[in-house]
Every structure is written in C-alpha cells, then in structure tokens.
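Taking it in order: structure first as structure tokens, then the write-up.
The values are calculated or read from the model by the stated rules, or taken from the named source; none is laboratory data. Bear in mind that the values here come from a model prediction, so they are computed numbers and not experimental data. Every residue, glycine among them, receives a Cβ derived from its backbone with ideal geometry; neighbour counts consider all protein chains shown. Note: accessible area is taken over every heavy atom of the protein model, side chains too, but ligands, DNA and RNA are not part of it. Shrake-Rupley method; radii C 1.70, N 1.55, O 1.52, S 1.80 Å.
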Amino acid sequence: MKTYEYPRSRELLARAARVLPGGLPGHLGPVSGCYMPVEAYPIFSSRAQGAYFWDLDGNRFVDYMCAYGPNILGYGDPDVDGAALAQLREGNCVSAPSARTVELAELMVDTVDMADWAFFCKNGGDTTTMALMVARAATGRKKVVLTRGGYHGVAPWAQKEGLPGVTSEDLANVLYVDFGDYEGLERLFAERKGEIACFMSTPYYHPVFVDNRLPPEGWWAKVRELCTREGAVLAIDDVRCGFRLDVRGSDRHYGFKADLMCFCKALANGWNVSALCGIEALRPAASDLMYTGSYWNSAAPMAAAIACVRKMRELDVAKVCTRLGTELTEGLKAEARKQGFELVVSGEPSMWYMRLAGDDSLEAHQAWVAECVRRGVFFTNHHNLFISAAMTRADVDFTLEAAAEAFVSLRKLGPEGVRRAIAEGRA
Amino acid sequence: MDQRTKAGCELFALLPCLEELPALDKEARELASGRPVRVEFRVGGLGRARLEVGGGAIRFSRGGGPAEIRLWLPSPAALSAMFAGRGSPIPLKGLTRLGWLTGPFTRLTKIMEGYLKPSPERLADPAYRVANARLSLRAAVFAMAEIASGDPEGRLHASRMPKGEIEVSVAGGPAFALAAGEGRLEARLGAPPAARARMRFPSLEAAGALLRGETDAHLAIAEGKVELWGFVPLLDNLSHVLGLVPRYLS
C-alpha cells in the first residue's frame with residue numbers, strides 16, 4: 001500500500017503557528033499525546049464524506065476517530081445536513097428561539113428513557129457544568145464526587161490540580177473515587193455526610209492511555225441505591241458514549257436510571273448542540289439556574305439533532321456500530337496474532353480502546369498505529385476509537401489490510417526502525 | 001517559589017554545570033589546569049556537594065568528603081544570596097586558599113553565568129549557542145529533579161508519574177536519564193538502558209531554542225522539533241515539571 005506524506009499540512013501549520021497558540025491547540029492538536037510520532041499524521045483536513053476525510057494533500061483516511069465522537073452517521077449525512085441547511089434558510093441564531101427547540105426537547109424526552117425535560121447548550125462541558133450546578137441548586141450541597149482519570153470537559157473544576165490555569169480553589173469541592181470502587185464511594189459519602197451534591201461519572205471507564213473498564217457486576221445498582229439513600233444526584237456524563245451503546249441512554253444499557261444525563265458528540269452528527277436531560281424532581285432547580293450562551297438556541301444545529309436522533313432510532317445505530325466494531329476488532333486481533341503480537345481490546349466495541357500487550361513503553365503500539373495512519377487508516381495512539389454507521393465491510397477489509405502491513409513493518413523494523421523510516425519519509 | 005527548591009537547583013543543578021566548562025571554553029580550561037583543589041559546600045537544611053577543580057577538569061559530586069576548602073552556608077537562602085552575589089559563605093577550612101576561591105573559582109562561575117544568561121550579541125556566535133544549549137539542558141534536567149521533590153506543584157506532578165525512566169537527549173549527545181516513581185524524580189547523566197519514554201531533540205540548536213523560549217514548546221512538538229515517544233503519562237507530567245523550571249532558573 002502507498003504510504004502518505006503531508007507537506008501541505010506542515011505548510012499550513014507554519015502559518016497557524018503565527019496566529020494560533022501552539023499552532024493547533026486542544027485535543028485535536030499534536031501535543032495531546034495522540035499523534036506519536038507527529039510526522040505520521042495529517043494535521044488539517046480539506047473535506048469529509050461518510051466514513052472518510054481527506055487531508056490537504058489529498059490523502060484519504062477511513063476515520064476511526066469520527067471527529068472524536070460526533071460523526072456517528074457519516075460525514076455529510078444527507079438527512080442531517082439537509083435538515084440543518086433547510087433551517088438555515090429559515091433562520092438560525094435569532095432573538096426569539098425557533099420551534100426546533102421545543103421539538104428537539106420533545107424528541108429527547110421521548111427517546112431517552114430517564115428524561116422528563118431537556119436543556120440545550122453547545123458543548124459537552126456546558127452540560128456537565130450545568131449538571132453540577134443543578135445538583136448543587138437542588139440539594140443545597142457543594143461537593144461533587146468524580147472518578148479518578150475521568151474526563152468531563154475543560155472547566156477548571158473538571159481538570160487536575162497543578163495544570164496551567166487551574167487553582168486548588170477551583171477543586172476545593174471536588175472529591176475523587178476509583179471507578180468501580182463501591183466501598184470507597186460509600187466511605188466518601190459517610191465521611192462527607194450531607195455534603196455531597198452529586199456523583200458524576202461516565203457510564204463505563206474510558207480514559208486515555210489505560211485499558212477501558214466496563215462497570216463491575218452490580219456497580220450501578222449499588223451506586224443508584226447509595227445516591228438515592230444519601231440524597232445525592234446521580235449524573236451520567238454520556239457525552240462520549242451517548243447513542244453508541246443504546247439510543248435510549250447508556251444508563252438503560254447498564255440497567256439503571258440516572259437523574260441527569262449529559263449528551264453531545266453524536267447528538268447531531270457534528271452540528272454543534274449538546275443536551276442535559278433530567279428527571280422531574282430536578283426541573284425546578286434547572287429552571288432556577290442562570291445558565292445561557294449566545295448561540296445556545298441556534299436553530300440549525302437543533303434541526304440537525306432532530307434528524308440525527310430520528311435516524312439513529314430508525315437504524316438502531318448502537319447495534320450497527322457494535323456489530324461493525326466487533327468485526328473490526330476481531331479482525332485486528334487476528335492480524336496481530338499472525339505477526340506474533342497480541343492486541344488487547346477493551347471497552348465497548350462501538351468505541352473500543354486498544355494497545356499491544358507486553359509493550360510497557362507503548363512505543364510498539366505507537367509505531368504500529370503510525371504505520372496504519374500512513375496507509376490511510378486514521379487511528380490515534382491512546383484514545384478510544386469510534387465506529388460510524390457509514391462504515392462498510394469494504395472499509396473494514398481495507399483497514400485490516402493496512403493493519404496487516406503495519407504489523408509486518410513493526411515486526412521487521414521494530415519501533416525505533418519504524419520511527420526512523422517515518423522521519424526519513426521511507427515507505 | 002519555594003526557597004529550599006531554589007537553593008537545591010543552584011547547588012545540584014547549576015553548580016554541576018561547571019563540569020562542562022573546560023570542554024566549552026578556553027579560559028575555563030586554563031583556570032582548571034592547575035593543581036586539583038576540592039571545595040565542599042555545606043548548606044544548612046539542604047545538604048552537601050563537592051567540586052574538584054584541576055588537572056584540566058572540573059568534577060562535581062553530591063555529598064561531602066575530603067576537601068581543601070570547606071564552606072558553610074547556614075540556610076538555603078544564604079546559598080541563594082551567594083549565587084546572587086549578595087552574600088558570602090563562611091569558610092570552615094582553607095582560609096589560606098581564599099584567594100583561589102575569590103580568584104579562579106569566582107571567575108569560573110562568572111564564565112558559566114555568561115553562558116547561561118545569553119545576550120543577543122553573544123547568541124550570534126554559533127559556538128556560544130551550542131554551549132548555552134548544552135549547559136541549559138543539563139541545568140534544566142537536574143533542576144526538574146529538585147523541583148519534583150521540593151516545589152509543591154512539582155511534587156504533585158511527580159506523584160502522578162508512573163514508574164519508569166525517561167530519556168531526555170539530543171541526537172548525537174548529550175543524554176540524560178530521569179527516573180520516576182513513588183513520587184520522586186532522579187536525574188543522572190547518560191541515557192537509560194530501557195527508557196519507558198523519550199524526549200529527544202534533533203540538535204542542540206533545537207534544544208537551546210526551546211529552552212531559551214525562542215520556540216513555543218507546543219509548536220516544537222507539532223513540528224517534530226522535539227520527538228516525544230513512549231509512555232505518555234510520564235511525558236505529560238514531566239512537561240508540567242519542565243514548565244516550572246524557568247521559575248527557578250531564570
């Protein structure tokens with residue numbers, strides 16, 4: 001297979017460096033730790049369609065990052081984009097919100113099992129912060145319990161102490177527990193009796209750099225009961241998993257009912273809207289909040305979300321993505337075995353995490369992933385990956401062919417050799 | 001800024017850089033060419049270190065030992081005052097050698113200071129740029145170890161570092177090892193035999209540009225001007241410790 005080079009990405013990065021901090025900041029940037037070595041990856045795209053994006057040099061990639069989650073139906077889905085464009089012609093960001101706001105709220109209440117109401121923002125982090133505020137307003141308490149290593153956006157309360165711009169005061173009301181450690185959570189509630197407003201978690205444990213973990217047996221049933229008993233709100237951050245495990249909510253997938261659910265990413269297939277859904281008892285607190293944003297009632301993304309949610313329901317998209325993800329990951333593991341490697345896959349198949357076994361430094365995995373990317377399969381090193389419903393069996397076959405070549409290269413050259421080959425622009 | 005950490009950086013990160021001078025600077029080579037003299041620094045609340053100057057070389061060692069000159073500084077603040085030229089150590093031994101201390105030794109420290117505090121005029125000289133980069137990198141690596149054990153933020157980042165060795169190096173040399181684990185970071189010369197993560201510069205020029213702040217660190221990574229490779233949680237937390245170095249070595 002041909003291996004890619006990215007001269008135009010590098011040229012644009014040089015221009016970006018003059019006007020953007022770090023050239024391309026944030027989680028999509030090369031310093032996130034997901035592009036190693038950076039030379040193996042495209043930096044900018046020129047267009048996207050279905051399961052693919054093309055970079056500035058015309059290289060095509062089967063995209064297993066799906067824009068870090070939003071692309072669930074395929075880029076440029078005609079139904080979703082058609083709805084958004086039709087709405088744009090009518091009006092988008094207008095002083096009075098459109099009927100799409102109400103229609104989307106009705107659809108969310110009808111779709112998400114736990115939802116009695118919905119509130120719309122722009123980003124996932126808007127909804128996690130709102131969830132925290134609703135919990136505090138409803139309970140009169142200050143503390144939130146998060147899981148260690150969990151990610152809930154970039155507001156200071158959701159970050160780690162010692163990171164630039166984050167103070168100890170920002171985190172004064174944040175407590176931590178390990179995901180799955182029920183005894184630890186129970187102990188925290190006992191030690192902080194009457195202080196905890198909320199326990200917030202993703203439905204399963206999907207941080208970067210470490211194997212993902214599904215909930216242990218009975219975890220969510222016990223946590224649900226504990227929160228109810230202690231008068232704390234159970235908030236599920238479904239921003240990444242939402243609609244990929246069960247279109248009715250990931251809490252339903254794991255057999256419990258949350259009090260608040262945060263949605264973003266797949267909600268509108270890339271159009272920018274997020275949603276916080278809640279139970280009836282929390283409606284007054286949600287109504288009382290001063291929480292708003294200039295673009296939060298924009299109608300075009302809401303029209304997109306309506307079309308997207310309807311289509312996800314029709315397709316039973318979680319089943320589709322799970323099936324494809326299972327086929328792909330089983331195929332990847334088989335290709336690894338042929339070259340004497342073991343690929344460790346964890347998490348849910350529609351958004352799996354993978355690494356090579358026996359690779360303490362992760363260098364072998366980074367080298368293999370880099371070789372996949374250079375052959376048109378867009379993985380990142382240490383983040384969970386995503387399936388979109390636009391992917392086909394042909395895409396899976398292409399991916400397995402690239403992965404097989406990448407394993408051969410890794411076996412032949414070793415991680416350092418692969419790195420040198422990439423740096424020297426060799427196939 | 002933590003005073004004890006600052007003094008630790010001066011004693012255990014800056015002072016050892018004198019070892020590099022004879023190879024980089026003609027005058028330093030001449031100053032180090034006489035009969036060996038050993039100077040021990042005893043710093044209250046911090047620890048001891050020794051320099052041996054002579055025979056064309058300068059050697060640093062951590063801890064005390066035989067010395068012709070023994071200097072006492074009652075506190076980390078006193079050491080920092082000495083480095084800033086605002087204070088003097090108390091000689092415990094070697095009163096007859098004070099002329100060497102105020103003469104050749106002080107001159108050696110001035111030469112090193114000149115390399116570590118660049119001016120635009122001096123940076124126009126390629127040989128100076130290399131020397132500045134070499135010394136700055138060594139100082140930064142060993143300062144990270146001090147910061148990780150002394151500075152409150154540094155300790156926090158060190159506590160999050162999993163066990164493993166990090167190679168910080170320049171293609172063709174020099175190379176350093178930082179051993180992380182159990183909340184500590186220990187620095188030594190030479191690449192580790194089995195690094196779990198690597199931070200590698202393609203040249204001393206690239207390293208120097210980054211350390212002098214001429215290049216944005218994030219951009220350098222994005223452009224491949226510093227290679228990062230291996231166990232990212234080690235590198236991620238190390239980068240935060242590296243971000244604290246200017247606080248102590250500026």
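Counting other Cβ atoms within 10 Å of each Cβ, which GluC sites (Glu not before Pro) in the stretch A:299-385 have at most 16 and sit in a DSSP loop? Within the stretch A:299-385, the qualifying GluC sites (Glu not before Pro) (loop, at most 16 other Cβ atoms within 10 Å) are A:GLU342. Solvent exposure of the stretch B:14-88, expressed per residue, is 44 Å² of accessible area, with all protein chains present and a 1.4 angstrom probe. Each of B:HIS240, B:HIS157 has its accessible area taken with a 1.4 Å probe; listed largest first, they run B:HIS240, B:HIS157. Compute, for A:SER201, the solvent-accessible surface of its heavy atoms (probe 1.4 Å) with the complete set of protein chains present, and express it in square angstrom to the nearest 10. Ignoring ligands and nucleic acids, A:SER201 comes out at about 0 Å². DSSP beta bridges fully contained in the protein assembly as shown are about 70 percent antiparallel. Helix screen, chain A: DSSP H segments with Cα axial length of 20 Å or more and mean Kyte-Doolittle hydropathy at least -1.0 are A:124-139, A:299-315, A:317-338, A:393-423.
Site pair A:LEU88 and A:ARG411 shows an inter-label distance of 4.9 nm when each label is modelled 7 Å from Cα along Cα→Cβ. Other residues within the sphere of radius under 12 Å centred on the Cβ of A:MET391, judged by their own Cβ, net out at -2 (K and R +1, D and E -1).
Please find the FRET efficiency linking A:MET1 to A:LYS333, where r is the Cβ-Cβ separation and R0 is fixed at 22 Å, and quote it to the nearest 0.05. Working from the Cβ atoms, E equals 0.60. If you take the beta carbon distance between A:ARG213 and B:ALA124 as r and set R0 to 35 Å, what does 1/(1 + (r/R0)^6) give as a FRET efficiency, to the nearest 0.05? According to the calculation, E is roughly 0.05. Shape class for the stretch A:36-188: oblate, because the ratio a/c of the largest to smallest gyration tensor axis (alpha-carbon atoms, square roots of eigenvalues) is 1.5 or more and b/c is at least a/b. About its Cα centre, the protein assembly as shown has a charge dipole of approximately 2240 debye under the convention of +1 per Lys or Arg Cβ and -1 per Asp or Glu Cβ, with nothing else charged. Summing Lys and Arg as +1 and Asp and Glu as -1 over all other residues whose Cβ lies under 13 Å from the Cβ of A:TRP296 gives a net charge of +1.
A crude spin-label estimate for the pair A:VAL344 and B:SER33, with each label 7 Å from Cα along the Cβ direction, gives 5.9 nm.
What's the extension gain from B:GLU214 to B:THR106 if we count 0.36 nm per residue and subtract their Cα-Cα distance?
Details: separation 108, 0.36 × 108 = 38.88 nm, distance 2.98 nm.
Full extension of this stretch gives 35.9 nm more.
Pairs exceeding 27 Å between alpha-carbon atoms, taken from B:LYS6/B:LYS117; A:LYS193/A:LYS257; A:LYS222/A:LYS311; A:LYS265/A:LYS319; B:LYS110/B:LYS225: A:LYS222/A:LYS311; B:LYS110/B:LYS225. Loop-located GluC sites (Glu not before Pro) in the stretch A:102-171 (DSSP state other than H, G, I, E, B) with a sparse environment of at most 12 neighbouring Cβ atoms within 10 Å: A:GLU169. Would you mind getting me the FRET efficiency between B:GLU186 and B:ALA23? Use the beta-carbon distance for r and R0 = 30 Å, nearest 0.05. Efficiency for this residue pair is about 0.75.
If the chain linking A:ARG148 and A:ARG229 were pulled fully straight, counting 0.36 nm for each residue of separation and taking away their Cα-Cα distance, it would gain 26.8 nm. Taking a straight line from the alpha carbon of B:LYS163, these aspartates and glutamates sit under 13 Å away, with near neighbours fewer than eight places off in the same chain left out: A:ASP360, B:GLU182, B:GLU186.
Could you state how much accessible area is buried at the B-A interface, both sides summed, with a 1.4 Å probe, in Å² to the nearest 100? Using a 1.4 Å probe on protein heavy atoms, the buried area is about 2200 Å².
Take every DSSP beta bridge whose two residues both sit in chain B, then give the antiparallel share in percent to the nearest 5.
75 percent
Scan chain B and note any complete DSSP helix (H) whose C-alpha atoms cover at least 27 Å along its axis and whose Kyte-Doolittle average is 0.0 or more.
B:126-150
Quick check: Cα centre of the stretch A:250-281 to Cα centre of the stretch A:332-371, how many Å? Centre-to-centre (Cα) distance: 31 Å.
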